[in-house]
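The values are calculated or read from the model by the stated rules, or taken from the named source; none is laboratory data. Note that the structure is predicted; figures quoted are calculated from it, not measured. Heads up, the Cβs are rebuilt from the backbone with ideal geometry, glycines too, and the neighbour counts pull from every protein chain shown. Quick note on the areas: whole protein, heavy atoms, side chains included, nothing else; ligands and nucleic acids left out. Shrake-Rupley method; radii C 1.70, N 1.55, O 1.52, S 1.80 Å.
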Amino acid sequence: MEQRQLGRTGLRVSRIGLGTLTWGRDTGEHDAADQLKAFWDAGGTLVDTADVYGGGEAEYLLGRLLERLVPRRDLVIATKAGSVLDPMRRFDGSRGHLLTALDASLERLGTDHVDLWQVHGFDPHTPLEETLQALDIAVSSGRARYAGVSGFCGWQLAKAATWQLAVPGTRTRLAGTQMEYSLLQRGVEREVLPAARDLGVGLLPSSPLGRGVLTGKYRHATPADSRGASEQLAAFVEPYLDESATRVVDAVATAADGLATTPLEVALAWVRDRPGVVAPIVGARNAQQLTQALSVEGLSLPDEICRALDDVSAPVHRYPDQDWSTL
């Protein structure tokens, strides 16, 4: 699998990442092992997790597999901290919470460092410089090799990345930012992606298949074993089942027919090769699903297909996102 630089750093990652959101909850050890082995065999290196996935079980499970299945040195382990189960406060970006969470992650993963440590979300109750200082301490202490953020909007990302660049050699520059991005969710193109590209921060798209909708599985019915039929995840899928999404899904299916491939591969190839994107994070229910996604490595979409998909999925960008002088 092709490797790409993560932002303006020396860290190289596979251009498809393996997500572990369901590990330890819906995905057991056997299926997780099959996924990790298939990913590694395909040349994949970037494995993304978080301290809250499965209540910590995803990290623990990944750590167990690193002991006996895949050499630690062959993987780029990325995890996150800051998301908390508090209805009054979704994120805790305090230095104390973040560093304590990192130590707990390292213990569950069974390693002395992670390759990429990310703040899981912006905490409006903590000064941003305190949150970012936790990243500096993690890197300077050797517990993390690189640092990034997740879920930061455009101004938050720009402020954080600029703050880190203000004192080079002392503060750790942001290597990556993780945000949802797909043909059904192009909101990052408004401000997040331009800021990331300008400041040398690589984008790691989550939900690159539109929460599974872009595979076409929901075109005629809701499969009983899908997220859309799950009591816990149905509300997660539902926003992408409207009329506008249907037009995009139909266009993806038409493109797939013309290219003799699958809607999954078309949708994933589109986001993988967007400017500024480093590695879409793909989550799968089993190794068979993951293998289907990994087969995208040999596909590059023709320019005319990309333009058609761009047109049918184009978000409405008005003032001030387009040139205001023409309005």
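Brief remarks follow.
- Largest to smallest in accessible area, the residues V84, V278 fall in the order V84, V278 (1.4 Å probe, all protein chains included).
- Within the chain, antiparallel bridges make up roughly 15 percent of the DSSP beta bridges whose residues both belong there.
- Segment 16-56 versus segment 100-141: alpha-carbon centroid distance in Å: 20
- If you plug the beta carbon distance of D198 and A235 into 1/(1 + (r/R0)^6) with R0 = 45 Å, you get a FRET efficiency near 0.80.
- Rounded if a/c under 1.5, otherwise prolate or oblate - the chain, Cα gyration tensor axes: oblate
- Excluding same-chain neighbours fewer than eight residues apart, the aspartates and glutamates reachable from K37 by a Cα-Cα span under 19 Å are E2, D26, E29, D48, E57, E59, E67, D74, E297.
- Sorting D115, D311 on solvent-accessible area from highest to lowest, probe radius 1.4 Å, gives D311, D115.
- Charge dipole (the chain, unit charges on Cβ, about Cα centre) - positive-most of G10, T45, G28: G10
- Spatially proximal lysines relative to K159 (Cα-Cα < 23 Å; intrachain offsets below 8 disregarded): K80
- The 1.4 Å probe gives accessible areas that order T20, T100, largest first, as T100, T20.
- Three-way shape call for segment 239-288 based on the alpha-carbon gyration tensor, with the a/c threshold at 1.5: rounded
- Its DSSP H runs of at least 4 residues, each contributing -39,500 (n - 2.57), put the calculated 222 nm mean residue ellipticity of the chain at -11500 deg cm²/dmol, to the nearest 500.
- A crude spin-label estimate for the pair I137 and S244, with each label 7 Å from Cα along the Cβ direction, gives 4.3 nm.
- Set of segment 105-142 residues, backbone N closer than 16 Å to the point 7 Å along the Cα-Cβ line of M88: 124-126
- Contour excess over end-to-end distance, with Cα ends at S295 and D103 and 0.36 nm allotted per residue: 65.5 nm
- With 10 Å bins from 0: P(r) over segment 106-228, alpha-carbon pairs, percent: 12, 37, 27, 17, 6, 1
- Cα-based shape type of segment 1-120, given that a ≥ b ≥ c are square roots of the gyration tensor eigenvalues and the cut on a/c is 1.5: oblate
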